[in-house]
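Chemist: Handing you this structure, nothing more for now.
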Amino acid sequence: MKKLLVCVAVVTVVLIGVEKYFAGPSAPVFDYSGEPNSDQFVHDNLLATLYHEIGHAMIDQLELPLLGQEEDAADVASVFLIDALYEEEAAIEITYAAADMFLALAEETGEPYWASTHGPDLQRYYNLACLFAGADMDARAHIGEDLGVPDGRMIWCEIEFEAAENSWGAAFEGLAEKAPTQSVVYEGGTETLFEKMIMEEVVALNEDFVFPNTLTVAVEECGEPNAFYIPDEVRVVVCTEYAEWLRYLPLPQ
Ligand SMILES: [Zn+2]
């Protein structure tokens, strides 16, 4: 985490993007016997997911108005934060890893679960690619093209990022005003690569943001491969099973 930056209460637990594996009507059984993915892939997707959940936390903590689906807004927050917080090389790497995950999910599940609170995986893929490219079209148009964003969508990407900046920018700046403090606390183990990575991110979050209420970021067993924000507890949970799921998610060739 490098560059700049910058947020109370709903009742339901907000899930990230993998809920279809256990919540959909035709949830497939996941196979953990394949070739494991790299530490980098797991690491980068954990980051992208963590920032999606931080997006939920900010919407809740700052009582931000929602003019669309919350999951879409959290996806936008994730891209916006990665663009703002990371140096270019790392931001590109995280974007490609997250794009691969959405593509893999789309291939794995086939027909989208249309009743999901999340957009279809392929749409999340294109939204991610478009928004990231749109943050700096001069430098990143080729990334949008490389990720297959059609010309008809590319013409909107810069405008889409400007809209994201107009929406999320003020919220982030407000949270950044009194940083650094210790408004984000880590809860979990301190041994594994996964745990250390989340711990480091909590340290970095405290340098950039001050949440109005203490935000707990926990790593723990959940009994399912997931990550979520619990508004009543002001708590982001990244499940240990989620890292394992990322490790064995079959990626598109
Ligand atoms: Zn979510």
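All of the numbers you see were taken from the coordinates with simple rules; none came from a lab. Note that this is a predicted model, so its numbers are computed, not measured. Reconstructed Cβ throughout: ideal geometry from the backbone, glycine too, with neighbour counts over all protein chains shown.
Chemist: So for the pair residue 179, residue 87, with labels modelled 7 Å out along Cα→Cβ, what separation do we get in nm?
Modeler: 1.8 nm
Chemist: Related question: If the chain between residue 244 and residue 191 were fully stretched, how many nm would it gain, using 0.36 nm times the residue separation less the Cα-Cα distance?
Modeler: Stretched fully, the residue 244-residue 191 segment lengthens by 17.5 nm.
Chemist: If R0 is 25 Å, what FRET efficiency do you get for residue 162 and residue 207 from their C-beta distance, rounded to 0.05?
Modeler: Efficiency for this residue pair is about 0.40.
Chemist: Order 193-199, 125-131, 151-157 from most to least packed using the mean count of other Cβ atoms within 10 Å.
Modeler: Result, highest mean first: 125-131, 193-199, 151-157.
Chemist: Counting other beta carbons within 10 Å of each residue's own, what order do 167, 33 fall into, fewest first?
Modeler: Fewest to most other Cβ atoms nearby, the residues stand as 33, 167.
Chemist: For the stretch 238-253, what does the Karplus curve 6.51 cos²θ - 1.76 cosθ + 1.60, with θ = phi - 60°, yield as ³J(HN,Hα) per residue in whole Hz, taken in order and with x for Gly and Pro?
Modeler: 10, 6, 4, 5, 5, 4, 5, 5, 4, 4, 10, 5, x, 8, x, 7
Chemist: Could I ask something else about it? What is the fewest-to-most order of 41, 102 by other Cβ atoms lying within 10 Å of their Cβ?
Modeler: Listing 41, 102 from fewest to most nearby Cβ atoms yields 41, 102.
Chemist: I would also like to ask the following. Counting only residues 5 or more places away or on other chains, whose amide H sits under 5 Å from the amide H of residue 185 once H atoms are built in the peptide plane?
Modeler: 215, 216, 217
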